[in-house]
Amino acid sequence: MSQEDKEDGVTYCPYEDCRLKICCDNLACGITRCGRRTDTNQPLDPHMSQENSEQLRRDGKLEGCGRPIEMKLVDGNVLYLKCDWSKQHAT
Ligand SMILES: [Zn+2]
Ligand SMILES: [Zn+2]
């Protein structure tokens, strides 16, 4: 049963009203944004401002919620946590 809710390398957005599948292995700074641009098919800039993210959403060019996610390495597992817009590099 536990295999079903935890596929290898697949994680879901920590915001309950989003739950977009995310696959982010960029632990360089520990902060990212949920989602990707549907116009360029690129992931969001991990430091995108709230203003820019909400603008993309209004324009219908955002898949996902665009909110900030903090990645933390705990006991060899990467945790994806909700975090504040003001949070920059987590290191
Ligand atoms: Zn950074
Ligand atoms: Zn999301």
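FYI, it's all coordinate maths here, none of it is from the lab. For clarity, every value in this text was computed on a predicted model and none was experimentally measured.
A few points about this structure:
- Remark on Tyr12: its backbone amide H falls under 5 Å from those of Ile22, a criterion applied only to residues 5 or more positions apart or on other chains, H modelled at 1.01 Å from N.
- Using the Karplus relation 6.51 cos²θ - 1.76 cosθ + 1.60 with θ = phi - 60°, the per-residue 3J(HN,Hα) values for region 62-72 come to 10, 9, x, 9, x, 7, x, 10, 9, 9, 10 Hz, with x marking Gly and Pro.
- Size descriptors for region 37-85 (Cα atoms only): Rg and Dmax, in that order, 12.5, 40 Å.
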